[in-house]
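J.: This is the structure I want to talk about, given as structure tokens.
Every read-out reported here was derived from the displayed coordinates using simple, explicitly stated rules and does not represent laboratory data. Please read all numbers here as calculations on a predicted model, not as lab measurements. Note that we place each Cβ from the backbone using ideal geometry, even for glycine, and neighbour counts take in every protein chain shown.
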Amino acid sequence: MCREKPATGYTATLRTTPARRATSGPVAAGINVYTDTTAVVDADYYYWIRATNSTSWSQSDFQGNGALGRRSSSGFPTLILPTATAISASGATLGATIETNGGSAITSRGTVWGATPIPTGNSMAEGGVATGVFSHARSGMPAGKLIYFRAWASNNNGIAYSDDATFWTVPNAPDILSATAIQSDSFQANWIATMGATNYLLDVSTDSSFGSFVPGYQARATGNGVTFAVTNLNSLTTNYWRMRAVNSGGISLYSTTNIVFTPTNAPQTQAHSITFPSVGTTQMTIGWTNGNGQGRIIVARQGAAPSQAPENGVTYTANSVFGAGSQIGSNNFVVGSVQSYSPNTYDSITVTGLTASTAYFFKVYEFNGSGAGISYQVSGGISNPNGQMTTP
């Protein structure tokens with residue numbers, strides 16, 4: 001005969017939806033009442049009870065999807081109008097209004113915040129015990145994030161919360177990158193996307209302290225992209241630029257400042273008509289007709305036409321030995337650099353270090369200016385580029 005062991009205890013489980021969940025709290029044997037002191041007031045909970053002993057447990061029957069319970073707000077403080085002010089990248093001043101004390105003196109009040117609705121973490125007491133409006137500074141929040149928060153107040157009956165409220169923390173300052181596409185009157189500003197930013201503000205100035213601004217570029221809204229074309233600049237000018245990130249929480253601090261020197265205007269007429277008056281096994285002479293630049297560089301590539309143009313503001317080192325000069329991009333080598341003087345007779349060079357029976361291609365780029373102000377004409381011309389094979 002099997003004897004049924006009596007229950008030695010009970011366990012209560014609860015959830016805010018009609019489905020079972022993990023254990024909430026023990027109930028001693030012989031007790032048929034469970035008091036849940038952790039439930040939020042005026043929220044519905046579903047409860048189940050199971051009996052346990054030293055060898056097994058059983059789940060109780062329940063009506064429907066669990067016994068429905070609700071913790072009454074009667075006797076608890078009432079909080080309204082949660083507020084967030086003085087929002088920064090790492091915190092805000094949070095508060096609310098304690099409308100009533102629930103018939104018992106307030107013993108503490110404060111706020112909680114988190115990354116999900118109905119937060120209970122990051123709780124901190126404000127220090128006061130009065131009804132009415134209260135607030136306090138909170139910190140330690142992540143920048144550029146949506147924050148959920150509630151205010152709370154307690155009395156001898158327990159703790160009550162306000163409704164949820166939300167705000168976005170201010171983004172961090174953007175990380176800006178080097179400018180690209182630098183021309184005599186423009187450049188492209190580049191930066192890395194900032195967490196939580198919905199817009200960016202761009203400043204451009206010829207004054208390093210930003211005491212004045214290039215027209216149209218004081219807090220210029222650029223949208224939520226990570227590049228922006230800056231135009232209508234003066235040539236041979238040092239320009240300073242910086243960024244800020246924006247969202248509904250506010251405007252970030254300034255980024256670091258980057259510097260762009262706009263070069264002189266590029267030549268209007270490109271060199272053309274590349275010829276090869278002398279071709280050998282390991283060297284060849286390249287000739288051309290000059291354009292109207294103050295100088296020009298000659299770029300060579302093995303097997304195909306040069307694939308990348310020189311960059312404004314960059315001076316390249318030329319070497320007539322193929323592969324020994326500056327490299328532009330991949331396998332594009334600067335083999336010559338000549339200035340224009342009167343009379344304009346510099347229109348050919350001899351390149352060495354070549355491989356027999358191999359095709360080499362050359363392109364001549366006219367330029368004006370020097371140093372940071374150098375500006376290249378990058379368009380092609382008649383027979384520019386042009387190629388030739390070395391002899392066997």
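J.: Cβ-Cβ under 7 Å, sequence separation 6+ or interchain: first residue in segment 191-213 and touching a residue at least 60 places away in the same chain (Cβ under 8 Å) and closer than 22 Å to THR237 by Cβ, partner buried (at least 16 other Cβ atoms within 10 Å of the Cβ) and of a type outside the set (Gly, Ala, Ser). Which pairs?
T.: From residues that are touching a residue at least 60 places away in the same chain (Cβ under 8 Å) and closer than 22 Å to THR237 by Cβ, the pairs are TRP191/PRO174; TRP191/ILE176; TRP191/VAL226; TRP191/MET243.
J.: Scan (1) in contact (Cβ under 8 Å) with a residue 40 or more places away in the chain; (2) touching a strand residue (DSSP E or B) at 6+ places or on another chain (Cβ under 9 Å) for the single condition SER90 breaks and write down its number.
T.: (2)
J.: Moving to a separate point now. What are the residues in segment 350-379 that are in a loop (DSSP other than H, G, I, E, B) and either free of Cβ contacts under 8 Å to residues at least 60 places away in the same chain or polar (S, T, N, Q) (or both), if any?
T.: Initially, segment 350-379 is screened for residues in a loop (DSSP other than H, G, I, E, B), giving 353-358, 369-370, 374, 377-379.
Once the filter is applied, which keeps residues that are in a loop (DSSP other than H, G, I, E, B) and either free of Cβ contacts under 8 Å to residues at least 60 places away in the same chain or polar (S, T, N, Q) (or both), segment 350-379 yields THR355, SER357, THR358, SER370, GLN377, SER379.
J.: Of everything in segment 301-325, what is more than 40 Å from the chain's Cα centre (by Cα) and in a loop (DSSP other than H, G, I, E, B)? Give them in sequence order.
T.: GLY303, ASN319, SER320, PHE322
J.: While we're on this one: Can you pull out every residue in segment 236-284 that is under 25 Å from SER320 (Cβ atoms) and in contact with a Lys or Arg (Cβ under 6 Å, 6 or more places away or on another chain)?
T.: Residue satisfying the conditions is ALA271 alone.
J.: Let me ask another. May I ask you to say which residue of ILE159, ILE106 is among the hydrophobic types (A, V, I, L, M, F, W, C), assigned to a strand (DSSP E or B) and surrounded by 15 or more Cβ atoms within 10 Å (Cβ to Cβ)?
T.: On the way: ILE106 fails: assigned to a strand (DSSP E or B).
Being among the hydrophobic types (A, V, I, L, M, F, W, C), assigned to a strand (DSSP E or B) and surrounded by 15 or more Cβ atoms within 10 Å (Cβ to Cβ) holds for just one of ILE159, ILE106, which is ILE159.
J.: State whether the residues of segment 148-155 include one that is among the basic types (Lys, Arg), part of a strand (DSSP E or B) and surrounded by 15 or more Cβ atoms within 10 Å (Cβ to Cβ). If you could, list the steps in order and put the result at the bottom.
T.: Our first condition is that a residue be among the basic types (Lys, Arg); within segment 148-155, this holds for 150.
After this cut, where a residue has to be part of a strand (DSSP E or B) as well, the list is 150.
Now drop any that are not surrounded by 15 or more Cβ atoms within 10 Å (Cβ to Cβ), which leaves 150.
Looking for residues that are among the basic types (Lys, Arg), part of a strand (DSSP E or B) and surrounded by 15 or more Cβ atoms within 10 Å (Cβ to Cβ), one finds at least one in segment 148-155, hence yes.
J.: Can I ask one more? Taking the conditions exactly as written (part of a strand (DSSP E or B), hydroxyl-bearing (Ser, Thr, Tyr) and surrounded by fewer than 15 Cβ atoms within 10 Å (Cβ to Cβ)), does SER337 satisfy them or not?
T.: So SER337 does not fit the description; no.
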